[in-house]
Amino acid sequence: VQFVESGGGLVQSGGSLRLSCAASGFTFSNYAMGWFRQAPGKEREFVATVSWSGASTYVADSVRGRFTIFRDNAKKNTVYLQMNSLKPEDTAVYYCAARLGFGSAVNTADYNYWGQGTQVTVSS
């Protein structure tokens, strides 16, 4: 199982970034996917999840209306996180994760595979 995460970087407050997580080594379309983040000194927290088909999504209250999760099962085996109206408090390492199951899972223990993380820094 391998994930290649990209799209992180430094952006000013109010800006946008799109994170990508390309997966291989497992049947991507069978797994729900999620994004989590971890700021220095804090626990890893849930950001968003998308069902195996892409038809259902759920995002954390802290990012609702600003972040969107979606996936490409047909060509790229990739899950994306579009982040708009970024705030300094969004600064963290962002991780993608895969989960074999149904429903919207928000706990790290529910996910089977994890990416290596990509840094997002939002300056004020």
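Once you keep just the Cα pairs under 8 angstrom separated by 6 or more residues, what percentage relative contact order results for the chain?
Relative contact order here is 35 percent.
Enumerate the aspartates and glutamates that Lys75 could reach by cross-link, defined here as Cα to Cα under 18 Å, with residues fewer than 8 away along the same chain left out.
In chain and number order, the partners are Glu5.
Spelling out what I want: for every residue of region 78-94, take phi, set θ = phi - 60°, compute 6.51 cos²θ - 1.76 cosθ + 1.60 (Karplus), and round to whole Hz; glycine and proline get x.
3J(HN,Hα) across region 78-94, in whole Hz: 10, 10, 10, 10, 8, 10, 10, 6, 5, 10, x, 6, 7, 4, 4, 8, 9.
Mind giving me the nanometre distance, one decimal, between the label points for Ala109 and Ser124, set 7 Å out from Cα along Cα→Cβ?
So the two model labels end up 3.6 nm from each other.
List the lysines whose alpha-carbon lies under 18 Å from that of Lys42, not counting same-chain residues fewer than 8 positions away?
By straight Cα distance, Lys42 reaches Lys87.
Quick one: pull the percent of accessible area on the chain belonging to carbon and sulfur, 1.4 Å probe, ligands and nucleic acids left out.
47
At most 14 other Cβ atoms within 10 Å and a DSSP loop assignment: could you name the trypsin sites (Lys or Arg not before Pro) in region 47-124 that fit? Display every interim value, and only then the final one.
Working: sites: Arg64, Arg66, Arg71, Lys75, Lys76, Arg99; in loops: Arg64, Arg66, Lys75, Lys76.
The qualifying sites are Arg64, Lys75, Lys76.
All other residues with a Cβ under 11 Å from the Cβ of Gly117 taken together, and with Lys, Arg as +1 and Asp, Glu as -1, what is their net charge?
Charge balance in the 11 Å sphere: +1.
Output ³J(HN,Hα) for region 20-32: one whole-Hz value per residue in order, computed from phi by the Karplus curve 6.51 cos²θ - 1.76 cosθ + 1.60 with θ = phi - 60°, and x for Gly and Pro.
Residue by residue, region 20-32 yields 10, 9, 8, 10, 8, x, 7, 7, 3, 5, 8, 10, 6 Hz.
For the chain, what does the accessible surface come to per residue with a 1.4 Å probe? Please give it in Å².
51
Which parts of region 69-112 would a label at Arg18 reach, counting a residue when its backbone N lies under 15 Å from a point 7 Å out along Cα-to-Cβ?
Zone members listed by number: 69-73, 75-85.
Counting other C-beta atoms within 10 Å, and keeping those with at most 15, which DSSP coil trypsin sites (Lys or Arg not before Pro) do you find in region 4-44?
Hits after loop and neighbour filter: Lys42.
Remind me, what semi-axes does the chain give for its equivalent ellipsoid, largest first in whole Å, using sqrt of 5 times each Cα gyration tensor eigenvalue?
22, 14, 14
The values are calculated or read from the model by the stated rules, or taken from the named source; none is laboratory data. Since this is a predicted model, take the numbers as computed values, not measurements. Cβ atoms come from the backbone with ideal geometry, glycine included; neighbour counts cover every protein chain shown. Just so you know, the surface numbers come from the protein's heavy atoms only, side chains and all, with ligands and any DNA or RNA stripped out. Shrake-Rupley method; radii C 1.70, N 1.55, O 1.52, S 1.80 Å.
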